[in-house]
Amino acid sequence: MVNFQMAENYGVEDLLNIMQLLRAPGGCPWDRAQTHQSIRANMLEEAYEAADAIDRMDMDNLKEELGDVLLQVVFHASMAQEAGAFGFDDVVDGICKKLVYRHPHVFGTVEARDPDGALSAWDAQKRKEKGQSTAGDAMDSVARALPALTRAAKLQSKAAKAGFDWREVSPALDKLSEELEEFKTAVREDSNVEEELGDLLFAAVKAGRFAGVDGEAALQGACEKFIRRFCAVEALAEGPLDALDVPELEALWRRAKEQET
């Protein structure tokens, strides 16, 4: 049994102490066995669960999920401190310095009259801080671990800020049609299918940006719609779906869609 004093309410220092106890000899075998790589997926999962709580405007769940995200930060910082790399205080110090540096319109002499101006000031400071002398440098810094649709939108946005973009939606729609035809050809010929699908999705994100629609959010909405309609099909089928042929399934799908109107 570790030496720990229970309390009615805890603070950040308590969280750091708990993590230290979990990782110490005599602590939790699972926590002691983890590495940065082994819990990498946990960081992403907790961030997505927090985002889901935001989407549902569930404040109670958001409070819990933000705690889970904070736990991941403390977990990684604890392991880094054990390795002599950095500690939690270094993480806090770093983000505080970054916030001050990237807000010259608040802590310096730069003016920003609206949110766009503030964002421009932030981006300029970020590029200076990262030594990004070109738009290509800025693109290359976009995290590759991002969901692909989100990453595509960020890359396209940076290209647009550099002047590399169409001025209206029509060419983007034409490009989308072109990529669709190339994808169809690739499927028929069983050649470069993955590459052509990637081009098609990238073009779809571009067209969506011109329409003011986020590709990641749009696809998430399509996923939710698919779940909803699939559940309706199951209810209408009143039996196993694998016992039905394709025309019967399509008929049930049309009925499920009609129920929504």
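The values are calculated or read from the model by the stated rules, or taken from the named source; none is laboratory data. What you are looking at is a predicted structure, and each value in this text was computed from that prediction instead of being measured. Ideal geometry is used to build each Cβ from the backbone, glycine not excepted, and the neighbour counts take in all protein chains shown. Remember, those area values only see protein heavy atoms, side chains included, never the ligands or the DNA or RNA. Shrake-Rupley method; radii C 1.70, N 1.55, O 1.52, S 1.80 Å.
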Residue among ALA186, ALA217, ALA207, ALA203 that is modelled with pLDDT under 95, among the hydrophobic types (A, V, I, L, M, F, W, C) and assigned to a helix (DSSP H, G or I): ALA217
Failed item, numbered, when LYS63 is tested on (1) open to solvent by less than 40 Å² (accessible area, probe 1.4 Å); (2) more than 30 Å from GLY108 (Cβ to Cβ): (1)
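Which is open to solvent by 100 Å² or more (accessible area, probe 1.4 Å) and in contact with a helix residue (DSSP H, G or I) (Cβ under 6 Å, 6 or more places away or on another chain), of ARG56, ARG32? If you could, list the steps in order and put the result at the bottom.
Values: ARG56 fails: in contact with a helix residue (DSSP H, G or I) (Cβ under 6 Å, 6 or more places away or on another chain).
Of ARG56, ARG32, the one residue that is open to solvent by 100 Å² or more (accessible area, probe 1.4 Å) and in contact with a helix residue (DSSP H, G or I) (Cβ under 6 Å, 6 or more places away or on another chain) is ARG32.
Does ALA121 satisfy being touching a Pro at 6+ places or on another chain (Cβ under 9 Å), open to solvent by less than 90 Å² (accessible area, probe 1.4 Å) and closer than 30 Å to SER157 by Cα?
Working: touching a Pro at 6+ places or on another chain (Cβ under 9 Å): yes; open to solvent by less than 90 Å² (accessible area, probe 1.4 Å): yes; closer than 30 Å to SER157 by Cα: yes.
Yes.
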Candidates VAL110, VAL73, filtered to the one that is outside any helix (DSSP H, G or I), surrounded by 15 or more Cβ atoms within 10 Å (Cβ to Cβ) and without any contact (Cβ under 8 Å) to a residue 24 or more places away in the chain: VAL110
Those residues of region 247-261 which are outside any loop (DSSP other than H, G, I, E, B) and open to solvent by 90 Å² or more (accessible area, probe 1.4 Å), in sequence order: GLU250, ARG254, ARG255, GLU258, GLN259
Residues of region 1-29 satisfying the condition of being surrounded by 13 or more Cβ atoms within 10 Å (Cβ to Cβ), out of contact with any Cys (no Cβ under 6 Å at 6 or more places or on another chain) and in a helix (DSSP H, G or I): ASP14, LEU15, LEU16, ASN17, ILE18, MET19, GLN20, LEU21, ARG23
Residue in region 209-228 that is open to solvent by less than 60 Å² (accessible area, probe 1.4 Å), out of contact with any Lys or Arg (no Cβ under 7 Å at 6 or more places or on another chain) and in contact (Cβ under 8 Å) with a residue 40 or more places away in the chain present: yes
Those residues of region 146-198 which are farther than 21 Å from PHE210 by Cα, open to solvent by 60 Å² or more (accessible area, probe 1.4 Å) and either in contact with a helix residue (DSSP H, G or I) (Cβ under 7 Å, 6 or more places away or on another chain) or of a type in the set (Gly, Ala, Ser) (or both), in sequence order: GLU182, VAL187, ASN192
Within region 135-167, tally of residues that are within 17 Å of the chain's Cα centre (by Cα), touching a residue at least 12 places away in the same chain (Cβ under 8 Å) and closer than 22 Å to GLN125 by Cα: 7
Selection from region 76-97 of residues that are touching a residue at least 40 places away in the same chain (Cβ under 8 Å) and open to solvent by 70 Å² or more (accessible area, probe 1.4 Å): GLU82
